[in-house]
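In what follows, a single structure is set out as structure tokens and then discussed.
The values are calculated or read from the model by the stated rules, or taken from the named source; none is laboratory data. Note that the coordinates shown come from a computational prediction; the quantities given were computed from them, not determined experimentally. A quick note on method: Cβ atoms are made from the backbone with ideal geometry, for glycine too, and the neighbour counts reach across all protein chains shown.
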Amino acid sequence: MEKDIFEKSLGELYNEYGIFGDYHKDVNIMLDTMKNRYFFPEVIDTLHILQSKYNLIIGSTTDDEPLFQNLKFNNVDIFNSDNIFTSERLKCYKPDKAFYNSIL
């Protein structure tokens with residue numbers, strides 16, 4: 001899961017730079033900042049324009065929860081679950097070719 005990856009990376013960062021703190025706890029700060037992000041103003045209109053011409057999908061190196069939280073927070077409901085691919089669902093992360101091959 002994403003939390004495990006962030007926790008490992010944060011632990012390595014703390015160790016490399018001699019940062020004293022509890023990276024197991026501090027990783028939650030990183031995860032909390034991923035929720036409730038505002039989209040750029042033009043994103044919603046652009047998605048609607050594209051949706052009228054194309055089958056839109058999302059391919060995101062994230063876990064399901066933060067992505068769905070951001071879509072809900074920004075009132076984006078044009079994607080059905082079959083068109084959303086996350087690293088959590090695919091069990092691999094970009095730039096691994098398996099991520100893209102799974103989507104295709």
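What is the residue count in region 1-41 for residues that are surrounded by 10 or more Cβ atoms within 10 Å (Cβ to Cβ) and aromatic (Phe, Trp, Tyr)?
Going through region 1-41 one residue at a time, the tally reaches 4.
Quick one: in region 40-99, which of the residues that are within 30 Å of ASP4 (Cα to Cα) and among the hydroxyl-bearing types (Ser, Thr, Tyr) is farthest from the chain's Cα centre (by Cα)?
Residue satisfying both the conditions and the ranking: SER81.
Restricting to region 69-92, count the residues that are in contact with a strand residue (DSSP E or B) (Cβ under 8 Å, 6 or more places away or on another chain) and either outside any helix (DSSP H, G or I) or modelled with pLDDT under 90 (or both).
4
Of LYS97, LYS91, which residue is touching a helix residue (DSSP H, G or I) at 6+ places or on another chain (Cβ under 9 Å), loosely packed, with under 12 Cβ neighbours inside 10 Å, basic (Lys, Arg) and not assigned by TED's automatic domain parsing to the domain that holds GLU2? Talk me through it step by step, then tell me what you get.
Working: LYS97 fails: touching a helix residue (DSSP H, G or I) at 6+ places or on another chain (Cβ under 9 Å).
The match here is LYS91.
Only one residue in ILE29, ILE44, ILE49 is part of a helix (DSSP H, G or I) and within 25 Å of LYS8 (Cα to Cα). Which one? I'd like the intermediate steps shown before the answer.
Details: ILE44 fails: within 25 Å of LYS8 (Cα to Cα); ILE49 fails: within 25 Å of LYS8 (Cα to Cα).
From the options ILE29, ILE44, ILE49, the qualifying one is ILE29.
Going through region 1-27 one residue at a time, which ones are polar (S, T, N, Q) and modelled with pLDDT under 90? Please lay out each step first, then the result.
Going through region 1-27, the residues polar (S, T, N, Q) turn out to be 9, 15.
Matches in region 1-27: SER9 only.
State which residue is surrounded by the most Cβ atoms within 10 Å (Cβ to Cβ) when the search covers only region 52-68 and only residues that are part of a helix (DSSP H, G or I) and modelled with pLDDT under 90.
As a first pass, look at region 52-68 and keep what is part of a helix (DSSP H, G or I): 64-68.
Now restrict to residues that are modelled with pLDDT under 90: 65-66.
On the way: GLU65: 15, PRO66: 20.
The qualifying residue surrounded by the most Cβ atoms within 10 Å (Cβ to Cβ) is PRO66.
What about ILE78, is it surrounded by fewer than 16 Cβ atoms within 10 Å (Cβ to Cβ), among the hydrophobic types (A, V, I, L, M, F, W, C), under 26 Å from GLU42 (Cβ atoms) and not assigned by TED's automatic domain parsing to the domain that holds PHE6? Before the answer, list the steps.
On the way: surrounded by fewer than 16 Cβ atoms within 10 Å (Cβ to Cβ): yes; among the hydrophobic types (A, V, I, L, M, F, W, C): yes; under 26 Å from GLU42 (Cβ atoms): yes; not assigned by TED's automatic domain parsing to the domain that holds PHE6: yes.
Taking the combined requirement at face value, the residue satisfies it.
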